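Notes follow the structure.
The values are calculated or read from the model by the stated rules, or taken from the named source; none is laboratory data. Model, not experiment: these values are computed from the prediction. For neighbour counting, all protein chains shown are included, and Cβ atoms are generated from backbone atoms with ideal geometry for every residue, glycine included.
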Amino acid sequence: MLNTTNMRALPVLLLVAAFAPLAEAAPGDAAVPLVKPWRVVVLEPEYSGAWVVAGDLDGDGAVDIVSARNVDRNDVHYTSAAVAQKLDGSVLWRWGDPKTGRKQLHHDVACQIHDWDGDGRNEVVLCTKGFLVELDGATGRERRRFPLPPDATDCLVFANLSGGPRAADVLVKTRYTQIWAFDRDGRQLWTVENPGGYRTAHQPVPIDLDGDGRDEIAAGYAMLNSDGSVRWVFKSRKVDQSRGHCDCFRLVRAGKTPDEFRFVLTLCGANAIALVDGNGRPIWELAGEHFESVDVGRICADLPGVQLAVDIDHRAWGQGPLWVIDEGGEVRARIMTDYARHHALVDWTGDGVGEIVIAQPRTLYDGAGRCVATLAMDEKDDRAGEERLVLTGDFTGDGVPDIMLTSRDMTRVSIYKNERGRKPEPPAPLGTGPNFTLY
């Protein structure tokens, strides 16, 4: 349960030159443990893509991997092919047209694993050109499809808009302008264009703000009610947020009332990061850097509450910073890597505090920026190529979150078993979860 201590007295801050010492990455240090992969899976070459999600598809209690290709035409995206594989590399099924699409990592791809019908077995749901398609998880057989509006295939998110026992509704969107909500039968519930007068975020985020059993939707700078109406709109006190869009929106802490909620969001183009309450009121803002993705968790053992790990993008190669920021908006550590764009949190040492795993250097850091471990990878999988994706979840079946890295040429995934991390309560579910996102 998250602490819901009142934080309304926190100061508003503006970014200045330096808050904390810079921690240089040193993954080659002999004192830093080198962790070998628990399993390396060669991805099926024709149908596989850079997008990877994981879950138990055939009900055998072991995680399976789905990778997907995508088409990009003038920033309109859709899924063109997908393949499901066991951890031994064997193929469960293939879907789509392998002759179209690409293997590049640039955006969220509309391909997720979710038990959509609530029968205890996972489906694979994806958005291809003009349609949402539901595939049987074990066989890849197409169970059904329903038509989508033009270009509404940028990503998909499952939410509970109807107040039922599970997330059975689905959100789809264009890249930056419009979101649609459908129920499981394909009936449109609502649509909103330029929510609150601003562009959409990369991925809508469902959260039940008022405890009525229905999700509200963070759609960018606007929070929507479950019926799609605008609940509130965030207004920055520091920057012109119309210069871009909301990159990332994350829950920092929940509460009994919206006043007690805290969210963090990053402002692409406007170059800022902000902490807001559950009514959209700013608590603090930092401006001056192109902040992108945020991880939320207890990162610094000596600090109360939770901390934020956020990367700074649009820098030259070799100058990829990631900052650790506390709940008061103070920068506690700055880590410099070659490229820090893709990262996640995982308790790797068993002390209940999360380490930051950054994909490109294949390294885990503590909250002070010190290297904790380096993840070994065969040289052929680490050569120059595309960006590398990092995923966390239980991939080994023991209920403890592990780490998965894609190779930079997108031909393999490497799984690193978490030998010392604590098993959370409840245990981590198998795989990456139903609404996996880059942002």
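Scanning region 151-193 for residues that are of a type in the set (S, T, N, Q), part of a strand (DSSP E or B) and without any contact (Cβ under 8 Å) to a residue 24 or more places away in the chain returns a single hit, Gln188. Scanning region 256-276 for residues that are closer than 16 Å to His245 by Cα and either part of a loop (DSSP other than H, G, I, E, B) or not hydrophobic (A, V, I, L, M, F, W, C) (or both) yields a total of 4.
Listed conditions (1) closer than 20 Å to His202 by Cβ; (2) crowded, with 24+ Cβ neighbours inside 10 Å are all met by Arg73, apart from (2). Every listed requirement among (1) small (Gly, Ala, Ser); (2) surrounded by fewer than 23 Cβ atoms within 10 Å (Cβ to Cβ); (3) assigned to a loop (DSSP other than H, G, I, E, B) is met by Ala340 save one, (2). Just wondering, is there one or more residues in region 237-251 that are part of a loop (DSSP other than H, G, I, E, B) and within 28 Å of Leu391 (Cβ to Cβ)? Checked against the condition, which is being part of a loop (DSSP other than H, G, I, E, B) and within 28 Å of Leu391 (Cβ to Cβ), region 237-251 yields at least one hit. Cβ-Cβ distances below 9 Å connect the following pairs, each with a first residue in region 118-136 that is outside any strand (DSSP E or B), a second residue that is among the acidic types (Asp, Glu), and a separation of six or more residues or different chains: Arg121/Asp56; Arg121/Asp58; Arg121/Asp115; Arg121/Asp136; Asn122/Asp56; Asn122/Asp58; Asn122/Asp64; Asn122/Asp115.
Could you list, in sequence order, all residues of region 277-295 that are surrounded by fewer than 19 Cβ atoms within 10 Å (Cβ to Cβ) and assigned to a strand (DSSP E or B)? Of everything in region 277-295, those that are surrounded by fewer than 19 Cβ atoms within 10 Å (Cβ to Cβ) and assigned to a strand (DSSP E or B) turn out to be Pro282, Ala287.
One line per residue, one yes/no per condition, for (1) at pLDDT below 55; (2) buried (at least 19 other Cβ atoms within 10 Å of the Cβ):
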position: Arg8; (1), (2): yes, no
position: Val16; (1), (2): yes, no
position: Leu22; (1), (2): yes, no
position: Ala31; (1), (2): no, no
position: Lys36; (1), (2): no, no
position: Val42; (1), (2): no, no
position: Pro45; (1), (2): no, no
position: Ala50; (1), (2): no, yes
